[in-house]
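All remarks here apply to the structure that follows.
Every number in this text was worked out from the coordinates using simple rules, so none of it is lab data. Predicted, not measured: the structure shown is a model, and the values here were computed from it. Heads up, the Cβs are rebuilt from the backbone with ideal geometry, glycines too, and the neighbour counts pull from every protein chain shown.
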Amino acid sequence: MTSSPERSLVGVYPGTFDPATIAHVAIARAALDQLGLARLDLTISAATLGKDDTRLTPIDDRLARLSEITAFDTRLAVRSTTDSLLVDIAEGYDVLVLGGDKWAQVLDPEWYGGTNARDEALRRLPTVALAPRHPWIELGDDPGAGAAELVEVIVLDLDPTHREVSATAVRDGRAEWRARPPDT
């Protein structure tokens with residue numbers, strides 16, 4: 001996948017970013033560089049699937065912090081959305097950037113009300129750029145593998161040390177995994 005001179009590729013990287021981690025930054029950089037994206041929108045949903053929003057840092061605080069952290073690259077933008085399903089958030093984008101843990105969520109028919117609805121939603125997805133994350137299930141080895149054939153998937157080349165990084169671990173004290181603004 002490369003952008004043409006007539007059209008620049010734009011990607012979306014949804015997440016809670018609570019807090020943003022060094023792995024989030026590494027994934028964003030990898031997506032920009034490996035896919036030739038002109039822009040990548042790091043997007044926080046106002047209503048998160050599968051998480052208790054009342055336990056999250058307020059969205060405005062997360063957006064502000066993420067803006068500080070991504071200031072190193074003008075190709076990165078920070079956005080919010082009222083959409084919750086990843087397939088809806090990806091609407092209108094050329095690439096959907098996800099960690100391997102979110103890929104399992106995309107393939108889970110329960111989020112869509114059944115297999116047929118899930119498959120219809122997957123057909124709407126742009127190219128998916130996957131970042132290997134713990135627990136990483138190799139493509140084709142998971143129960144939703146047949147559904148995955150409905151989507152073009154590119155696996156990002158990332159340093160394996162980022163697979164274990166998680167925002168939960170940062171909240172629990174792994175400060176070295178917290179993303180920081182440039183020059184701090």
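Values as computed for the structure displayed
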item	result
Computed label-point distance, nm, for sites Asp157 and Ala175 using a 7 Å Cα→Cβ extension	3.5
DSSP bridge pairs, the chain: antiparallel proportion in percent, nearest 5	10
Segments 168-178, 49-59, 82-92 sorted - mean Cβ within 10 Å per residue, highest first	82-92, 168-178, 49-59
Amide hydrogen neighbours beyond the local backbone of Val128, cut-off 5 Å, H modeled	Leu96, Glu152, Val153, Ile154
Peptides ranked, highest mean first, by Cβ atoms within 10 Å: ranges 18-25, 7-14	18-25, 7-14
